[in-house]
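K.L.:
Submitted below is the structure of interest, expressed as structure tokens.
The values are calculated or read from the model by the stated rules, or taken from the named source; none is laboratory data. Predicted model, so just to flag it, every value in this text is computed and none were measured. Methodologically, a virtual Cβ is constructed for each residue, glycine included, from the backbone with ideal geometry; neighbour enumeration extends over all protein chains shown. Ligands, DNA and RNA are excluded from the accessible area calculation, which covers all protein heavy atoms including side chains. Shrake-Rupley method; radii C 1.70, N 1.55, O 1.52, S 1.80 Å.
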Amino acid sequence: LHQAQRTRTGQALYDPAGDDGSERLRRTGELRQALARGDIEVHVQPQVDLRTGRIIGAEALARWRHPHDGVLLPAAFLPLAEHTGLAKPMTALVLERALAACASWWREGYRIPVSVNLSPDDLRDEELPGRVWAALHRQSLPAEALRVEITEQSLMTDPETASELLRRWRADGLSVSIDDFGTGYSSLSYLRQLEVDEVKIDQAFVADMARKNTVTIVSHTIRMAHDLKARVVAEGIEDVSTARQLAELGCDFGQGLLYGGAMPAPEFLVRLRAVPALSAEHPRLP
Ligand code: C2E
Ligand code: MG
Ligand code: MG
Ligand code: MG
């Protein structure tokens, strides 16, 4: 294993339940400093067309290069960031880095979008669309170069406001994706009111496709999303038979270890350049 992978950890740095105050303060200080110094990096995971295996996009995933604790996964620092009001500067940094990476692909003619995950606080941030447009402009990228992902769960904390905000974002030309779909307890009638461009089926369903009930749920989700004119991405695809099964159910796109995990942006660019070789070695469905 690569050194960075061996040391990376997803264990939470800060446990709100066991908080004594001082540890939280120390970790918050570290995170604030990391944000100021730019120690939060962005890795990208390929997203592919399930029929051809071709790369059609990439998701930006935050990584904290900690001075003592190695490369930390979002599970280790996201809860802290979201509890301490640091989600906003984190999103700003991730957005900047994700778009810079995306611009390097576009410069070489690979016109594929990057997806950026948002926190619940971002959803309430009225200035976010303006900052997004400014960030796109700095990288000379059009709106099609970006997708924002919001978890179904964070939409459900305030469903009315959320659907109104999504409407406004989309009116502003931004493309919106619902992440971790199926885990947020939203009702079908609520989903009908939502305007989204993409639905991402949570990896828990994808990992459970051997079960008939799960296949039924996934199949209905795909049909419902298509009826709502949204595209469907399955997350966490780890084997060829699941990829095939999802493609047969009409799922458009996928991501997962089968196609590659999150990797540094330069490594992803190397993958993009090798596209013909890549699609030959990955499952090509009839
Ligand atoms: P997510 O957006 O649903 O991202 C998918 C997660 O699944 C990623 O974990 C990814 O590395 C992992 N994954 C990808 N392929 C596979 C697979 O085949 N099998 C399995 N078991 N896992 C796979 P990661 O990078 O640890 O991120 C976890 C979550 O943290 C993300 O879930 C997202 O909700 C959040 N997150 C990541 N980056 C950011 C960010 O910049 N801002 C915000 N607000 N949230 C972020
Ligand atoms: Mg996501
Ligand atoms: Mg997800
Ligand atoms: Mg997730």
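K.L.:
Hey, does the stretch 148-155 have a residue that's open to solvent by 30 Å² or more (accessible area, probe 1.4 Å) and within 19 Å of Glu82 (Cα to Cα)?
P.N.:
Yes; the residues of the stretch 148-155 include at least one that is open to solvent by 30 Å² or more (accessible area, probe 1.4 Å) and within 19 Å of Glu82 (Cα to Cα).
K.L.:
Go through the stretch 102-121 and give me each residue that's surrounded by 21 or more Cβ atoms within 10 Å (Cβ to Cβ) and either more than 15 Å from the chain's Cα centre (by Cα) or more than 21 Å from Ile55 (Cα to Cα) (or both).
P.N.:
Passing the criteria: Trp105, Leu118.
K.L.:
Then there's this: Pull up the stretch 46-65, narrow it to residues that are closer than 15 Å to Leu93 by Cβ and over 11 Å from the mean Cα position of the chain (by Cα), then point me to the one that is most open to solvent (accessible area, probe 1.4 Å).
P.N.:
By that ranking, first place goes to Arg65.
K.L.:
Being out of contact with any Gly (no Cβ under 8 Å at 6 or more places or on another chain), open to solvent by 40 Å² or more (accessible area, probe 1.4 Å) and not in a strand (DSSP E or B) is the requirement here; does Glu23 meet it?
P.N.:
yes
K.L.:
Quick one: how many residues across the stretch 223-236 are buried (at least 21 other Cβ atoms within 10 Å of the Cβ) and within 14 Å of Leu249 (Cβ to Cβ)?
P.N.:
4
K.L.:
Oh, and also: Condition check: modelled with pLDDT of 85 or more, away from ligand 3 (no atom under 14 Å from the Cβ) and within 15 Å of the chain's Cα centre (by Cα). Does Asp197 satisfy that?
P.N.:
yes
K.L.:
Only one residue in Val116, Val94 is of a type in the set (A, V, I, L, M), within 16 Å of ligand 3 (Cβ to nearest atom) and part of a strand (DSSP E or B), so which one is that?
P.N.:
Every option except Val116 fails the conditions.
K.L.:
Any idea which of (1) under 15 Å from Leu31 (Cβ atoms); (2) open to solvent by less than 50 Å² (accessible area, probe 1.4 Å); (3) aliphatic (A, V, I, L, M) is the one Leu78 doesn't satisfy?
P.N.:
Condition not satisfied by Leu78: (2).
K.L.:
Another question, if that's okay. Could you give every pair whose Cβ atoms fall below 7 Å, whose first residue belongs to the stretch 77-94 and is within 17 Å of Gly21 (Cβ to Cβ) and among the β-branched types (Val, Ile, Thr), and whose second residue is more than 16 Å from ligand 2 (Cβ to nearest atom) and part of a helix (DSSP H, G or I), counting only separations of at least 6 or pairs across chains?
P.N.:
Thr84/Thr28
K.L.:
Let me ask another. Can you spot a residue in the stretch 262-276 that is part of a loop (DSSP other than H, G, I, E, B), under 24 Å from His43 (Cβ atoms) and either away from ligand 1 (no atom under 16 Å from the Cβ) or among the aromatic types (Phe, Trp, Tyr) (or both)?
P.N.:
Yes.
K.L.:
Just wondering, is there one or more residues in the stretch 157-166 that are more than 16 Å from ligand 4 (Cβ to nearest atom), at pLDDT 95 or above and touching a Phe, Trp or Tyr at 6+ places or on another chain (Cβ under 8 Å)?
P.N.:
No; the residues of the stretch 157-166 include none that is more than 16 Å from ligand 4 (Cβ to nearest atom), at pLDDT 95 or above and touching a Phe, Trp or Tyr at 6+ places or on another chain (Cβ under 8 Å).
K.L.:
Given the condition within 14 Å of ligand 1 (Cβ to nearest atom), in contact with a strand residue (DSSP E or B) (Cβ under 8 Å, 6 or more places away or on another chain) and at pLDDT 90 or above, answer yes or no: does some residue in the stretch 207-230 qualify?
P.N.:
Looking through the stretch 207-230, none of the residues is within 14 Å of ligand 1 (Cβ to nearest atom), in contact with a strand residue (DSSP E or B) (Cβ under 8 Å, 6 or more places away or on another chain) and at pLDDT 90 or above.
Okay, residues lined up against (1) within 16 Å of ligand 2 (Cβ to nearest atom); (2) open to solvent by 70 Å² or more (accessible area, probe 1.4 Å); (3) in contact with a Lys or Arg (Cβ under 9 Å, 6 or more places away or on another chain); (4) in contact (Cβ under 8 Å) with a residue 24 or more places away in the chain:
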{"residue": "Arg167", "(1), (2), (3), (4)": "no, yes, no, yes"}
{"residue": "Ser175", "(1), (2), (3), (4)": "yes, no, yes, yes"}
{"residue": "Ile178", "(1), (2), (3), (4)": "yes, no, yes, yes"}
{"residue": "Tyr190", "(1), (2), (3), (4)": "no, no, no, yes"}
{"residue": "Asp197", "(1), (2), (3), (4)": "yes, no, yes, yes"}
{"residue": "Val206", "(1), (2), (3), (4)": "yes, no, no, yes"}
{"residue": "Lys212", "(1), (2), (3), (4)": "no, yes, no, no"}
{"residue": "Asp239", "(1), (2), (3), (4)": "no, no, no, no"}
{"residue": "Gly250", "(1), (2), (3), (4)": "no, no, yes, yes"}
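K.L.:
Would you mind telling me which numbered condition in (1) within 16 Å of ligand 3 (Cβ to nearest atom); (2) in a strand (DSSP E or B) Leu78 fails?
P.N.:
(2)
K.L.:
Related question: All but one of (1) open to solvent by 10 Å² or more (accessible area, probe 1.4 Å); (2) more than 23 Å from Met156 (Cβ to Cβ) hold for Ile40; which doesn't?
P.N.:
Among (1) open to solvent by 10 Å² or more (accessible area, probe 1.4 Å); (2) more than 23 Å from Met156 (Cβ to Cβ), Ile40 violates only (1).
K.L.:
So, in the stretch 129-163, exactly how many residues are in contact with a Ser or Thr (Cβ under 8 Å, 6 or more places away or on another chain), under 25 Å from Ala265 (Cβ atoms) and more than 16 Å from ligand 3 (Cβ to nearest atom)?
P.N.:
3
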